[in-house]
Amino acid sequence: GRGRAWPAIARMIRQRDGHRCCRCNTTGGKLAVDHLIPWRMWDADQVALANCTENLATLCTACHALKTATVERAFCVAGDLVGLRQFIRSCGVDDVAVDRWLRASYRRASIRSPGLWSSKDKEKGAER
């Protein structure tokens, strides 16, 4: 799972976001706490990074479904980094943070999406 601390982390993120969807500002209803860089992109030893507050956002059911079914699938299957970045940006996260988290999840991302990084990026990732 998401780790033993997940229920407390999820509560904290919902509070931080004012119990409001970060993407469309919807309040009420079921609000999910989502890993902006998808949970499946992280290795088992990267739970703390995956669950870092900068990588988490409160999303309403509709925005969470859109991200999971469309954006995340396109990223994990086809390497659609542009779509993932646009979605994350729409949640109020800047590109610098997106790049930092994508590089942190580099090992899994490069396996799942071989075309995701240029050879120059792969060399930088190998150095980290």
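The values are calculated or read from the model by the stated rules, or taken from the named source; none is laboratory data. All figures in this text were calculated on a predicted structure; none of them were measured in a lab. For neighbour counting, all protein chains shown are included, and Cβ atoms are generated from backbone atoms with ideal geometry for every residue, glycine included. Remember, those area values only see protein heavy atoms, side chains included, never the ligands or the DNA or RNA. Shrake-Rupley method; radii C 1.70, N 1.55, O 1.52, S 1.80 Å.
Values for this structure:
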read-out	value
Long-range neighbours under 7 Å by Cβ, at least six apart or interchain, first residue among the basic types (Lys, Arg) within the range 1-18, second open to solvent by less than 40 Å² (accessible area, probe 1.4 Å)	Arg2/Asn51; Arg14/Leu31; Arg14/Val33; Arg14/Thr58
Selection within the range 77-102 - assigned to a helix (DSSP H, G or I) and of a type in the set (Gly, Ala, Ser)	Ala78, Gly83, Ser90, Ala97
Scan of the range 19-54 for residues that are in contact with a Ser or Thr (Cβ under 9 Å, 6 or more places away or on another chain) and touching a residue at least 40 places away in the same chain (Cβ under 8 Å), ordered by number	Cys21, Cys22, Arg23, Ile37, Met41, Trp42, Asp43, Gln46, Leu49, Ala50
Top-ranked residue in the range 16-72 [being among the charged types (D, E, K, R) and in a loop (DSSP other than H, G, I, E, B); ranked as modelled with the lowest pLDDT]	Asp43
